[in-house]
Amino acid sequence: MEESNLTGNTKVFEFSEEKMSKVSEIISNSMFFTMTCSSKTEAQMCSILLLEFLYFSRYKKTVQRYFGGSAAEGTNIKTSDIDKMIVGPNIYVCSDPAEGQMVRGHVFLVDSSDCSQGHAKLVLLKTDETIPTIFDEHGKTLNDMLEERQDGKRLLSNEKVVSFWMNFLQKRETATGPPGTSRHGPCATAKNTDPQGYIKSKIGGVIEQDFAHGIPFCSHPPVGKDWLKDRENFKWPSKKVVEKIKSLTCHIVAVGDKMSEHSDVEWRISYLLWERELVWSFNDIQLQCYVLLKVLLKKYIDPVAPEELSSYHMKTIVFWESENIIDNFWHPKYLIQFARNCLLCLKGCILNCTLKHFIDRGKNLFLWRLRDPKVKDAMLNVIEEIIQNIIRYSMQCVEGIDLNTTLENSDGNVEEFLRKCRLDHDPRITYDFNESREPLRLFHYGEASSLNVNVETVLADFSTLARYKESFEENDRYIKDVHASIKIPVKKFIHIRSAMILAKQMLLSKSFSSEEFQKLTNFMDENSDLDAVSGKLYVATCFVAFKKYDKGAEVMKKIYAASKKSDTLIYAGLCSDCKSMCVSGGTLIQDRGLPRCSLPQTKYLSIFHDVIFAQGDLPLLPDALKFECFVDKVFLVHPSVYLLYLKILCSKFTEKRDNISQLENAVYECDVTLHTYRHFNILGYCYFENGDYEEAFKCYRISFSRTVDNGRPNAVIYMLPILVYSILQNQRFDSDSEIIYQR
């Protein structure tokens, strides 16, 4: 092994092919657990298809919303934004006038004359004022979007369409008010902060969403048909994937060639649905290489050449390099070799200023780019440096595991590096890899159903939930590819939410029979097996709200009894960094790592989610959570914390102290995430109700400290004055209470 100096005092280690393959396997295994893998992408695919399906159902199967980019692919990194394409009803484009005449609705003819490859003008072929469009529903008409030229042709203006969407977005109300809007290519971009950290895992993180207006083709455009036909000559993508792609629509989106004289009326052909299907078919190594290239781009290439390259370019490179690779290449030991091949391909494309679109192969993605020779040379130098020291740069891109320091401490000796990895790092990346595959897959499935879908579903009203329920019962073709381990829990959660709304109405009206209440709780119980724990807690919530504490206690006994039938459960939520929990003997024990365990046949019953409530649930919620409704539209509670809180409410006076002690342990076990302040509010309120004012104040003080720096709304501002008032009423002016009063 030779060692040479790079910039500064950085060492360059050169590895033989055999040694590189060993290190490559460690990098691949590390990325598998901390960044990306096919099970994460599969879960994200299911989640995205469900979100799109529910959106389509919500808008009575007229308006469609498709996710694109990393948000759809499961390849997101910290800088990733969210891409969405909105497709309204009754507007189509076609390449053949005869074909367009057969379609009911407003039809535009694709005219690609005097346009660069992949772009076209949309000439109105036929229209029908009796058929509404998405513009009519928001104060405009299709005619308002047209531009008439001197030759009499009526063209659809991309400028007017994007302006329409920007105006539409500005009127939307979100949790933080109307979003800031701007134009980004074919998209109207909306920027909001993430007040709860659900999306960015950071309080106040910027959520950037790009909305493109897409118009579907009546049938595949000629270039798309040619690409599909040509797939017979290649091993990737598989025939199964190609057949799936054939069933998917192509679209045209509102952006022209920026160098064109008539760019304001040009549109770009989009293969969004085809391309995300290609990424969804990626194996672990393809995904890891793609994410590796994205991180290398953001960390090392962008600083010397801002906005010259994009993640889309990296994805295209992976597409091209995947086309002719034999099956036995897809092994972790080849990850670095594959990444190196992609970088060499990228380098060649930059040298020639040509990167062909993977589907529209006459289109150059580097057109009008790389025009500054100095910037181009700087990019080539950085890429060459990465290629020459690919191991080190790859390690610096791995999140959560510091392989680079381990390599330094091993002085580049591969055997020593492997030994230190076994000693110093998570055993899953060395000797315990295969045993952890299935638990990780289930963890991603749990995240997909609960965090991605249910957080949005919890805000739906009863009529919308009924629409969702009807769509599920139709067994709609849109979600045939969604795995049952994700589809079934979401369906059951929709039923639970419907029942909770009915329970709230019963509670407020006070006019219901015992038979009606029994029927409702039976229905909730039938759907409570959406996971191992939280589903049953919704049933217990209902019993506690109606002061049927014995029934609530029975539900919690069922949770403990059911948990004895399986090994440790997998936690897929945001309220704790412990990823597993053992429930037995009336106690809850959390563990930071994923379990290594045998799993029951009904896989989603190995998972438990956060308990999710909405502001409108206030009448049903126990007192400590009522305060949370004053500050958050949606909020999460860790199931172990909430279970123990309900247990306290349902327990006898003599048992309360012991149960509060168990709750305190659970709260502190969770105390590292963005949501733990709420747990301290719950614990503090339990102490308050038990007359332990000093302990209550300690909890409230900790809760306040968790949110004071980020300005996050915290229900403690309501709970503290009540505590102080109670102290004054009870005239408890000992020294500690005096401090509470003064503060």
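The values are calculated or read from the model by the stated rules, or taken from the named source; none is laboratory data. All figures in this text were calculated on a predicted structure; none of them were measured in a lab. In this analysis, Cβ positions are derived from the backbone assuming ideal geometry, glycine residues included, and neighbour counts consider all displayed protein chains.
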Item to check | Selection from region 640-657 of residues that are of a type in the set (Phe, Trp, Tyr) and modelled with pLDDT under 80 | outcome: Phe653
Item to check | Residue count, region 620-644 (criterion: of a type in the set (Asp, Glu) and surrounded by 22 or more Cβ atoms within 10 Å (Cβ to Cβ)) | outcome: 1
Checklist entry - When you scan region 382-487 for helices (runs of 4 or more DSSP H) that lie fully inside it, which ones turn up with 1 or more residues that are under 20 Å from Gln337 (Cα atoms) and more than 24 Å from the chain's Cα centre (by Cα)? => result 390-397, 403-409, 414-424
Checklist entry - In region 701-721, what residues are surrounded by 13 or more Cβ atoms within 10 Å (Cβ to Cβ), over 32 Å from the mean Cα position of the chain (by Cα) and either under 15 Å from Phe627 (Cβ atoms) or modelled with pLDDT under 90 (or both)? => result Tyr718, Met719, Leu720
Checklist entry - Regarding Asn158, is this residue over 26 Å from Gly362 (Cβ atoms) and not hydroxyl-bearing (Ser, Thr, Tyr)? => result no
Checklist entry - Within region 552-593, can you find the residues that are under 24 Å from the mean Cα position of the chain (by Cα), at pLDDT 85 or above and surrounded by fewer than 19 Cβ atoms within 10 Å (Cβ to Cβ)? => result Asp577
Checklist entry - Which one of Met20, Met45 is of a type in the set (A, V, I, L, M), in a helix (DSSP H, G or I) and assigned by TED's automatic domain parsing to the domain that holds Thr405? => result Met20
Next on the checklist: assigned to a helix (DSSP H, G or I), modelled with pLDDT of 95 or more, among the small types (Gly, Ala, Ser) and over 26 Å from Asn434 (Cβ atoms): is that true of Ala666 in this structure?
Outcome noted: no
Checklist outcome for this item: Within region 675-700, the residues that are more than 29 Å from the chain's Cα centre (by Cα) and in a loop (DSSP other than H, G, I, E, B) are Asn690, Gly691, Asp692
Checklist entry - Going by the conditions given, is Val672 within 31 Å of the chain's Cα centre (by Cα) and not assigned by TED's automatic domain parsing to the domain that holds Ala460? => result yes
Checklist entry - Can you tell me which residues in region 260-306 are in contact (Cβ under 8 Å) with a residue 60 or more places away in the chain, hydroxyl-bearing (Ser, Thr, Tyr), surrounded by fewer than 23 Cβ atoms within 10 Å (Cβ to Cβ) and in contact with a helix residue (DSSP H, G or I) (Cβ under 7 Å, 6 or more places away or on another chain)? => result Tyr300
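Quick check on this structure: which one of Phe53, Phe135 is in contact with a helix residue (DSSP H, G or I) (Cβ under 7 Å, 6 or more places away or on another chain), aromatic (Phe, Trp, Tyr) and under 24 Å from Leu459 (Cα atoms)?
Working: Phe135 fails: under 24 Å from Leu459 (Cα atoms).
When all the criteria are applied, what remains is Phe53.
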Item to check | Selection status of Leu309, under 30 Å from Ile26 (Cα atoms), outside any helix (DSSP H, G or I) and outside the structural domain of His119 (by TED's automatic domain parsing) | outcome: yes
Item to check | Which listed residue, of Phe462, Phe546, Phe472, Phe443, is among the aromatic types (Phe, Trp, Tyr), free of Cβ contacts under 8 Å to residues at least 60 places away in the same chain and within 27 Å of Ser39 (Cβ to Cβ) | outcome: Phe472
Item to check | Counted residues, region 388-411 - those being in contact with a helix residue (DSSP H, G or I) (Cβ under 7 Å, 6 or more places away or on another chain) and crowded, with 17+ Cβ neighbours inside 10 Å | outcome: 13
Checklist entry - Is it the case that some residue within region 340-361 is touching a Ser or Thr at 6+ places or on another chain (Cβ under 9 Å), surrounded by fewer than 21 Cβ atoms within 10 Å (Cβ to Cβ), at pLDDT below 95 and not in a helix (DSSP H, G or I)? => result no
Next on the checklist: Here's a check for you: in region 30-71, which residue that is closer than 29 Å to Asn434 by Cα and among the charged types (D, E, K, R) is surrounded by the fewest Cβ atoms within 10 Å (Cβ to Cβ)?
Outcome noted: Glu42
Checklist entry - Based on what the data block shows, is Ser511 hydroxyl-bearing (Ser, Thr, Tyr), under 30 Å from Gln662 (Cβ atoms) and part of a loop (DSSP other than H, G, I, E, B)? => result no
Next on the checklist: When you check Val304 against the structure, is it β-branched (Val, Ile, Thr) and in a helix (DSSP H, G or I), yes or no?
Outcome noted: no
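Each row is one residue, and each column tells you yes or no for (1) in contact with a His (Cβ under 7 Å, 6 or more places away or on another chain); (2) acidic (Asp, Glu); (3) surrounded by 16 or more Cβ atoms within 10 Å (Cβ to Cβ); (4) within 22 Å of Asp461 (Cα to Cα).
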| position | (1), (2), (3), (4) |
| --- | --- |
| Ala503 | no, no, yes, yes |
| Ser509 | no, no, no, yes |
| Glu516 | no, yes, no, yes |
| Lys519 | no, no, no, yes |
| Glu526 | no, yes, no, yes |
| Ala532 | no, no, yes, no |
| Val539 | no, no, yes, yes |
| Cys542 | no, no, yes, yes |
| Lys547 | no, no, no, no |
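Does Phe338 qualify as being among the aromatic types (Phe, Trp, Tyr), farther than 30 Å from Gly412 by Cα and not assigned by TED's automatic domain parsing to the domain that holds Ile269? Walk me through it before giving the result.
On the way: among the aromatic types (Phe, Trp, Tyr): yes; farther than 30 Å from Gly412 by Cα: no; not assigned by TED's automatic domain parsing to the domain that holds Ile269: yes.
No.
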Next on the checklist: Considering only residues that are buried (at least 19 other Cβ atoms within 10 Å of the Cβ) and more than 26 Å from Asp591 (Cα to Cα), which ones fall in region 439-464?
Outcome noted: Thr457, Val458, Ala460
Item to check | Residues of region 245-259 satisfying the condition of being free of Cβ contacts under 8 Å to residues at least 40 places away in the same chain and in contact with a helix residue (DSSP H, G or I) (Cβ under 8 Å, 6 or more places away or on another chain) | outcome: Ile245, Lys246, Leu248, Thr249, Cys250
Checklist entry - Inside region 221-243, can you point out the residues that are touching a residue at least 40 places away in the same chain (Cβ under 8 Å) and either in a helix (DSSP H, G or I) or within 30 Å of Asn158 (Cα to Cα) (or both)? => result Pro221, Pro222, Val223, Gly224, Trp227, Val241
